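The structure appears right after this line, and notes come after that.
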Amino acid sequence: MATPFHIISNSPAPLVPPPGAHPRPDWLRVKFFGGERYQDLKRIMRTLDLHTVCESARCPNMGECWEHGTATFMILGDICTRACGFCAVPSGQPVGPPDEEEPFRVAEAVAKMGLRYAVVTSVNRDDQPDGGAHIFARTIEEIRRRVPGCKVEVLIPDFRGAWNALDVVLAVRPDILNHNTETVPRLYRQVRNDAINYGAPGDSQAFPGLVGNPDGLDSGRTLSEVN
């Protein structure tokens, strides 16, 4: 039945964007970068047959970084032997061992890019006895040989907790050694179902004394767990 009263809802009226407005704010939108420096860096990577985590992990900030002439090298190929649900890097079984010439090409790219600080990460290579540790070590050595004075930061996999593999990398003394633990122990198996548990042989916490770096995943962890 019709009512003479004008009913006012307690719920706020839904926000209606003006005609032609983009559904995402400016700060959330990725700008397209394809300038000269971006194209130069892309040519270097393709000419030297190198991989970057920027491309393989589909980083939304790649364009901005490449336009500034920076990139993070990804060694040991571009096929990861694990399949973490949050990661876009292709997973599967790599064909053949790691490329022994890759360290030389990374060093050449560092020189061509004019870097004084190089960052190197990798896929997991659980198919290799040392997890690819010797390639990390040689990459560090070749960068320093090709570009004296260049500092090298490495972001290593867990090497399945093998101390001898970690020792191979530490022996060449990288300027910074990082490892992401991804999340807190309670949630570890949910986000890394192909990885091993915290505290088990092969987990990053099997390296006591090293500081793990929980990255930006926010999948229900509490502040006390992060601390």
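Only the coordinates and a few stated rules stand behind these numbers; no lab work does. In this text the structure is predicted, and so the values were computed from the model without any measurement. Counting neighbours? That spans all protein chains shown, and the Cβs are built from the backbone with ideal geometry, glycine included.
Observations on the structure shown:
- Cβ-derived FRET efficiency at R0 41 Å, L187 paired with A111, nearest 0.05: 0.50
- Column: log10 I(q)/I(0), Debye, Cα scatterers of the stretch 33-180, q = 0.14, 0.17 Å⁻¹: -0.64, -0.95
- Inter-site label distance for V172 and R145 at 7 Å from Cα along Cβ, in nm: 0.9 nm
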